[in-house]
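The values are calculated or read from the model by the stated rules, or taken from the named source; none is laboratory data. All figures in this text were calculated on a predicted structure; none of them were measured in a lab. Note that we place each Cβ from the backbone using ideal geometry, even for glycine, and neighbour counts take in every protein chain shown. Surface accessibility is based on the protein's heavy atoms, side chains included, excluding ligands, DNA and RNA. Shrake-Rupley method; radii C 1.70, N 1.55, O 1.52, S 1.80 Å.
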Amino acid sequence: MVRGLLLLLFVGACIVMSRSAFSSNHFKRQSKSDGLVAWQQVYSVLTSPRCINCHTATNYPQQGDDRHRHFANVIRGPEGKGVPALNCVSCHQSANADSTGVPGGHNWHLAPLSMRWQDEDDQPLSSAVVCRSLTDRTKNGGLNAEALLKHHEEEPLVLWAWNPGRRQDGATRTLPPLTHPEFVTATRQWIDAGMPCPR
Amino acid sequence: MVSLYLDLPTSAQEAGQAPPAKIYPPDAFIHIRPDGKIVVQVNRVEVGQGTHTALPMILADEMDADWSQVIAELAPAADVYKDPLIGVQWVGGSTAIANSFPQYRELGARARSMLVQTAADRWRVKPEQCHTASSIVYGPGNRSVRYSDLATEAARRTIPDKVALKNPSEFKLIGKPVRRLDGRAKCDGSHKFAIDLDVPGMLTALVARPPVFSGKVRSFDDKEARAVPGVRDVFEYPLVKGSAVAVVADKFWIAKQARDRLKVDWDLDGIEHADSSRLFAQYKELAKTPGGVALKRGDEKAIDRIPESQQIVAEFEFPYLAHAPMEPLSLAVRFDGDRAEAWVPAQLPTWEQMAIAEVLGLATEQVKFNVLFAGGSFGRRGLVDSHLVREAAAIAKRVRGRPVKLIFTREDDMRSGYYRPMFVHRVEVGIGSDGAPLAWRHVVVGQSFVKGTGVAMEAVLVKNGVDKLAVEGSSDSPYDIPNVDLTAHHPTVNVPVLSHRSVGYGHNSFVRETLMEELADRAKTDPIGYRLKLLNKDAYKFRAVLTLLNEKASWRTRLPAGHAVGYACSEYNNTACACAAELSIVNGRPKIHRVTVTVHCGLAVNPLTVESQFQGGIGFGLTQVMPRGAITLKEGRVEQGNFDRCTPPYIADAPADIDVHVVQSTEPPTGVGEAPVPIIAPAVVNALFHLTGKRYRSLPLVEL
Amino acid sequence: MATYQLNVNGQRKEVNVDPSTPLLWVLREELKMTGTKYGCGISVCGACTVHLDGVATRSCVVPISLLGNRRIVTIEGIGSDPVGRIVQEAWVEKDVVQCGYCQSGQIMSACALLKANPKPTDDNIEESMGGNLCRCAAYVRIRQAIKDASKHLA
């Protein structure tokens, strides 16, 4: 009986050890400089219009490749979902509406202010500042590295950036500078390198 | 809206010298139903201005009708519904109440007289022994009879030549705040606008228009368009200038899908590709040279003798403006070969009925012309060249036998519309030693929507090559300036233009009132006092509104830090108004905290309407200063397609607080739809000067 | 073309339209309910506002294919709602409308606001009504009517 228990404990310990090993040893180790290069790629996507337009520091979202203030005076609201009568979902449905030119996706809403990637003059924050936000679990919604990667892989509103729908004139919205698989790979490489941030 | 100043009295004061009023048959305007409802035909399209309530009020008051039983209907096109002074059926120039006040009073009084006479005959008593109230005739000895029980017999009577009108002290409705007759229906979705029309067999047409005005169709490929199920026809037809391709389908969305799939090769050669920047540069050059004479007074060289230090030289720029009524343009026509029917939210039914007849090769009487409610107009539906009905008739002619509703999408009207023209003004003001303007040289440059059109009113409005409608506000300035040299140029530009709510006052009052305030500031005088001192002695309505403003805007001496006040006054068709606007700057934009407005419109027939027109007119007038309030052209193409790029004021842009004060008056009523529009923009920039130190002479206010 | 089952103001309706057809045009042309208005077609003016499962929604940009089984309430039906009735009465009492074309949308937006917040502040009103355009600029009375309606709400 005692032997059985000890065996159980040993196996448990192995599992625990291999979990932490999983976190640190599962990904191929990257050098810090490679990690910084990967981060710049991630940053280039985060600050492209399809992403940064909803990561504002202000009371409003932006729209368009020129990132102008969203029309009709729509505002953030207490939960980033707009205000009564003018919610995000008042217009943005659960999928793109190409026939009417309105983009859509599941749970359309603004990123919280803690995840702002611009300053209050609508200028993108520096690579260093955005990196620090992303790696600060008090700001990023409590995501650790694994969860962050999963977010970039699977979150519907993230995926939307690569399927952003058409405007009313039929033109497709411009895509981020990397493909989604490239974006995920770059995220992974950055994480492998220990999520280094530029100074 | 267009003001048609023919050689007929349009001012209230002149009305006394008018030819004897025509006798209008009550039965063309009033129908008393057996159930007691009284249906009044209103000879003016309701575009929001409130005539649909005010005109019936006037009639019902004289008639002693039970107001709760009154229903108003839009009269169709017919001779009997023509404006009594102007001689055409129309809405424009803020003339409805002014010109139809006596008409509707007499109609009501005549109807009452005939009803009383009928009752008196029945009872074998004298009419003087009877009195009326609330749709009932009362006779001696407790007799009474309802109007509805007299109506049929009364209608057979000869219409009396003379009729006694009420003493104003007896008015029960006129002068009282009365809620709109069309109010409830507009709140529950039941009210029908032109675009809501649904008649049996109706088809819908959308039109692919040239991207540059006056462009023509060279060829088109409709294969994919016709493949959309529900498409009936695709064809080219002529526009007033150029040509377009119509898509006719069962429903709007089908027509839109088909039009989106239409491929048109446009011939854009040999036509002007208008460009706002280029035009402004050209206009500014032109403004340095004198044009056709609008007004000369005193010594035109006086300005040259005044030293530069005592002069203000100012250049003003005003862009094209879109009317952009909330209801997009639409109308319907059915052509049956020997007759036609039209459903139009028409400001000019007389002309439009004739235009349809002309296109279809019919006599005017063969066109049944129904007038429908309009969701706003601001002049957009007052078509000098009748282009909308001409297009609809051409489409109906091709489709033949079925009604076709032609709809303009928002983009269609914004990109291929008719606009308030752009203007440049150049003014040189010579200031006397007392701080008052001594000499005023002023050149106005901008298109005329009348000149060269050949319409009847051109001969009246255009003198010396100057269109009165482009210089009003300057040519009829209420201020005494001894030496005035006012001229104008009207370039021909390939951009269609039209009357726009407050017409010439919209830009001329801006120029005048910003300069007035600058002069007052220079003279270190209170701006209201400065204006009062300068007013011509005959400008008694201006005097009244400025004096009342002085009293009602007493808050102006107790402004919080960071707030400033600006003033302006203007007029339209004998209604004068003035305002004080309190502003501060919030997030780099002007924030208007309150506006106090005073108005002299003679007797205010419906104070609720007057207040709403003034609150609304001020909100509308703010469009001129909104950062994206303008229409601009680049290489022939309008740059704005919808409200996202051409953005009028939303609720946060308009002041929450607009108090309106009417000068008490028993003078004949004058119109209020347009008077308020010009005053807010100059008041705003006048206030802004105190906040930023800048004089804003170029609209819109893109940045401060 | 596809067939859709709709619940409009509590009634079952069936329509047969192209899936890309905006709900606005389904209401106006298939169901002949013209109270909901076309003002811009790109959701910038609010004249087309309806409620979908109680959420104020701009019907000009919702293709019928994305409606799902959400219940639709339009201006023609909002009067059956206690808040809707109070709002409409306030609109009549304050004589808000001028041309009236935007007012279906204004009322539907105001109802959404007051249902979520029966005692809105001036800022709340300005924010929630901030995307409904009125070219007649009847805004002063729109504010007054909302405050008036608010007084009648618990």
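A few remarks follow.
- Lone unmet requirement of (1) touching a Pro at 6+ places or on another chain (Cβ under 9 Å); (2) β-branched (Val, Ile, Thr); (3) open to solvent by less than 50 Å² (accessible area, probe 1.4 Å) for A:THR174: (3)
- Matching option when the condition is over 21 Å from B:PRO669 (Cβ atoms), touching a helix residue (DSSP H, G or I) at 6+ places or on another chain (Cβ under 7 Å) and buried (at least 23 other Cβ atoms within 10 Å of the Cβ), among B:ALA96, B:ALA119: B:ALA119
- Residues located in the range C:1-39, provided they are touching a residue at least 40 places away in the same chain (Cβ under 8 Å), outside any strand (DSSP E or B) and not charged (D, E, K, R): C:ASN9, C:GLY10, C:PRO19, C:SER20, C:THR21, C:LEU23, C:LEU27, C:MET33, C:GLY35, C:THR36, C:GLY39
- Number of the exception - A:PHE183 against (1) assigned to a loop (DSSP other than H, G, I, E, B); (2) in contact (Cβ under 8 Å) with a residue 60 or more places away in the chain: (1)
- Once the range B:640-655 is narrowed to residues that are touching a strand residue (DSSP E or B) at 6+ places or on another chain (Cβ under 8 Å) and closer than 11 Å to C:ARG143 by Cβ, the residue that is nearest to the other protein chains (Cβ to nearest Cβ) is B:ALA654.
- Selection from the range C:114-131 of residues that are in contact (Cβ under 8 Å) with a residue 40 or more places away in the chain and facing another protein chain (nearest Cβ under 7 Å): C:GLY131
- Test result for B:VAL493, open to solvent by less than 10 Å² (accessible area, probe 1.4 Å), in contact with a Leu (Cβ under 9 Å, 6 or more places away or on another chain) and in contact (Cβ under 8 Å) with a residue 12 or more places away in the chain: no
- Count - residues of the range B:136-149 that are touching a residue at least 40 places away in the same chain (Cβ under 8 Å) and touching a Leu at 6+ places or on another chain (Cβ under 9 Å): 1
- Some residue of the range B:367-380 being surrounded by fewer than 23 Cβ atoms within 10 Å (Cβ to Cβ) and assigned to a helix (DSSP H, G or I): no
- Looking only at residues of the range B:22-62 that are in a helix (DSSP H, G or I), aliphatic (A, V, I, L, M) and free of Cβ contacts under 8 Å to residues at least 60 places away in the same chain, we find that the one that is nearest to B:VAL677 (Cα to Cα) is B:LEU55.
- Checking each residue in the range B:593-614 for being part of a strand (DSSP E or B) and touching a helix residue (DSSP H, G or I) at 6+ places or on another chain (Cβ under 7 Å) picks out B:VAL595, B:THR596, B:VAL597, B:THR598, B:VAL599, B:HIS600.
- The single condition among (1) free of Cβ contacts under 8 Å to residues at least 40 places away in the same chain; (2) facing another protein chain (nearest Cβ under 9 Å); (3) farther than 16 Å from A:ASN87 by Cβ; (4) more than 12 Å from the chain's Cα centre (by Cα) that C:PRO82 does not meet is (2).
- Criterion violated by B:LEU362 - all others in (1) open to solvent by 10 Å² or more (accessible area, probe 1.4 Å); (2) within 22 Å of B:GLU73 (Cα to Cα) satisfied: (2)
- Within the range A:67-83, restricting attention to residues that are within 7 Å of chain C (Cβ to nearest Cβ) and free of Cβ contacts under 8 Å to residues at least 12 places away in the same chain, the residue that is farthest from C:ALA116 (Cα to Cα) is A:PHE71.
- For the range C:99-107, the condition holds for at least one residue, the condition being that it is more than 8 Å from every other protein chain (Cβ to nearest Cβ) and within 17 Å of B:ARG184 (Cα to Cα).
- For the range C:19-36, the count of residues that are facing chain B (nearest Cβ under 9 Å), open to solvent by 40 Å² or more (accessible area, probe 1.4 Å) and of a type outside the set (Asp, Glu) is at least one.
- In the range C:40-69, residue farthest from the other protein chains (Cβ to nearest Cβ) [restricted to those that are open to solvent by 10 Å² or more (accessible area, probe 1.4 Å) and touching a residue at least 60 places away in the same chain (Cβ under 8 Å)]: C:ASN69
- Tally, over the range C:119-142, of residues that are open to solvent by 20 Å² or more (accessible area, probe 1.4 Å) and in a helix (DSSP H, G or I): 5
- When B:ALA604 is tested against the conditions (1) away from chain C (no Cβ under 14 Å); (2) open to solvent by 10 Å² or more (accessible area, probe 1.4 Å); (3) closer than 26 Å to B:GLU317 by Cα, the lone failure is (3).
- B:PHE280 vs. criteria out of contact with any Cys (no Cβ under 8 Å at 6 or more places or on another chain), surrounded by 23 or more Cβ atoms within 10 Å (Cβ to Cβ) and of a type outside the set (Val, Ile, Thr): no
Residues checked against (1) within 12 Å of chain C (Cβ to nearest Cβ); (2) under 29 Å from C:ALA110 (Cα atoms); (3) in contact (Cβ under 8 Å) with a residue 12 or more places away in the chain:
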residue: A:ALA85; (1), (2), (3): yes, yes, no
residue: A:VAL89; (1), (2), (3): yes, yes, yes
residue: A:MET115; (1), (2), (3): no, no, yes
residue: A:GLY165; (1), (2), (3): yes, no, yes
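- Residue check: C:VAL96 meets all listed conditions (1) surrounded by 24 or more Cβ atoms within 10 Å (Cβ to Cβ); (2) under 21 Å from A:ASN87 (Cα atoms); (3) within 11 Å of chain B (Cβ to nearest Cβ) but one, namely (2).
- For the range B:168-227, a tally of residues being within 14 Å of chain C (Cβ to nearest Cβ), of a type in the set (Ser, Thr, Tyr) and within 30 Å of B:VAL497 (Cα to Cα) returns 1.
- Those strands (runs of 3 or more DSSP E) lying entirely in the range B:195-281 with at least 3 residues on the phi > 0 side of the Ramachandran plot: none
- Qualifying positions in the range C:143-154 - more than 7 Å from chain B (Cβ to nearest Cβ) and open to solvent by 10 Å² or more (accessible area, probe 1.4 Å): C:GLN144, C:LYS147, C:ASP148, C:SER150, C:LYS151, C:HIS152, C:LEU153, C:ALA154
- If you check B:ALA332, B:ALA302, B:ALA314 for being aliphatic (A, V, I, L, M), under 23 Å from B:GLY506 (Cβ atoms) and surrounded by 15 or more Cβ atoms within 10 Å (Cβ to Cβ), only one passes: B:ALA314.
- Boolean, B:ALA564 is within 11 Å of chain C (Cβ to nearest Cβ), within 22 Å of B:LEU701 (Cβ to Cβ) and over 18 Å from the mean Cα position of the chain (by Cα): no
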